[in-house]
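S.K.: One structure follows; several queries about it will come next.
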Amino acid sequence: MSLFDVTGKVAIITGSSRGIGRASAFELAEHGAKVVISSRKQDACDAVAAEINGKYGENTAIAVAANISDKTGLQNLVDETRKAFGKVDVLVCNAASNPYYGPQEAIADEQFRKILDNNIVSNHWLISMVVPEMRERGEGSIVIVSSIGGLRGSSIIGAYCISKAADMQLARNLAHEYGQHGIRVNCIAPGLIRTDFARALWEDEAAVAERNRTTPLRRIGEPHEIAGAVVYLASPASTFMTGQTLVVDGGVTI
Ligand SMILES: NC(=O)c1ccc[n+]([C@@H]2O[C@H](COP(=O)([O-])OP(=O)(O)OC[C@H]3O[C@@H](n4cnc5c(N)ncnc54)[C@H](OP(=O)(O)O)[C@@H]3O)[C@@H](O)[C@H]2O)c1
């Protein structure tokens, strides 16, 4: 059996209608998992689920829309997953928000709170909803998509970076708390990846040229290059890893 085989596992991936989440859902399905596609828009999720079912067979994917700022919607996401597939083995907290660019002193309280709510508190909610059944089974893998922004200072996206650093601490805390129950909690910290989320950065030719100059691999990343790390953390290949942050950034932080 391949170390990366996740056959029979059920994975929820938030923010999986596009970008890193979508690529992760495809790779998890490729490696045998049942996947639950989720974002705010049911139509977009339906389209991705249909594509996955077309490629990997009927009943590989379902689509359940949920806004990560809505606790009831997240509970419904977990409930619908259990209804369709019976359990949750893998949770990928991937969706996040960043409504503000600029100096920290000018951020509105509402914007700051939205970032903290969507990028930290919502992960805590969703994790708390799936942990009881994982604890009962004695296994589970939780993956939080953080960012290298959480490892460095920023004068432009400071609140977002605070939230991404907090995700790393959340993973460390929960790894401590749940390790004894066979539940692993890890983060991935991507560098700049070609998705809608970072479009403003990679569409700016001068900014990309400068970024590439300081990146050992001399390019930005593609969504599937983060999906491999998600499969690794979801699979038996990583069973001795917990509480860590896996940096996947072309070397830019070294
Ligand atoms: N791209 C990068 O350079 C980069 C670097 C480091 C870390 N990251 C992290 O990677 C993760 C994924 O980002 P991405 O780059 O793949 O972004 P993306 O391509 O823009 O995709 C974001 C996904 O999240 C969904 N989403 C957005 N707001 C949501 C909400 N409130 N509730 C539920 N779903 C929501 C979007 O769908 P809807 O709009 O339909 O809801 C979409 O499916 C984020 O945590 C981000 O911080 C990205």
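The values are calculated or read from the model by the stated rules, or taken from the named source; none is laboratory data. Keep in mind it's a predicted model, so treat the numbers as computed, not measured. All Cβ positions, glycine included, derive from the backbone under ideal geometry; neighbour counts span all protein chains shown. Just so you know, the surface numbers come from the protein's heavy atoms only, side chains and all, with ligands and any DNA or RNA stripped out. Shrake-Rupley method; radii C 1.70, N 1.55, O 1.52, S 1.80 Å.
S.K.: So, for the range 130-206, what is the accessible surface per residue at a probe of 1.4 Å, expressed in square angstrom?
M.R.: Counting only protein heavy atoms, the per-residue value for the range 130-206 is 45 Å².
S.K.: Further, regarding this structure: Carbon and sulfur atoms: what percent of the 1.4 Å accessible area of the chain do they account for?
M.R.: Looking at the chain in its full context, I get 52 percent from C and S.
S.K.: Additional query: Cα to Cα, under 13 Å, and not fewer than 8 places away if on the same chain: which aspartates and glutamates meet these conditions relative to residue 55?
M.R.: Candidates past the 8-residue exclusion: 27, 30.
S.K.: Continuing with this model, one more query. Please identify which residues in the range 115-149 have an amide N closer than 17 Å to a label point set 7 Å out from the Cα of residue 75, following the Cα→Cβ vector.
M.R.: Output list for this probe position: 122-133.
S.K.: Let me ask something else about it. If you add up the charges near residue 252, with Lys and Arg at +1 and Asp and Glu at -1, over every other residue whose beta carbon is less than 12 angstrom from its beta carbon, what do you get?
M.R.: +3
S.K.: Now, a different point. Quick one: net charge around residue 19, please, counting Lys, Arg +1 and Asp, Glu -1 for every other residue with C-beta under 11 Å from its C-beta.
M.R.: Counting the neighbours of residue 19, the net charge comes to +2.
S.K.: Let me ask another. Evaluate E = 1/(1 + (r/R0)^6) for residue 110 and residue 239, where r is the Cβ-Cβ distance and R0 equals 41 Å; express this FRET efficiency to the nearest 0.05.
M.R.: Result of the calculation: an efficiency of 0.45.
S.K.: If you stretched the chain out fully between residue 209 and residue 83, how much longer would it get, using 0.36 nm times the residue separation minus the C-alpha to C-alpha distance?
M.R.: Computed gain between residue 209 and residue 83 is 40.5 nm.
S.K.: Summing -39500 (n - 2.57) over the DSSP H runs of n ≥ 4 in the chain and dividing by its residue number, what mean residue ellipticity at 222 nm do you reach, to the nearest 500 deg cm²/dmol?
M.R.: Only helices count here, giving -13500 deg cm²/dmol.
S.K.: Here's something else I'd like to know. For residue 79, what accessible surface area do you get with a 1.4 Å probe? Give it in Å², rounded to 10.
M.R.: It works out to around 70 Å².
S.K.: Can you flag which of 34/164; 87/114; 9/41; 9/34 are past 18 Å Cα-Cα?
M.R.: Check vs 18 Å cut-off fails for 34/164; 87/114; 9/41.
S.K.: Give the ranking of 40, 113, 184, 194 by solvent-accessible surface, highest area first, calculated with a 1.4 Å probe.
M.R.: Descending accessible area places them as 40, 113, 194, 184.
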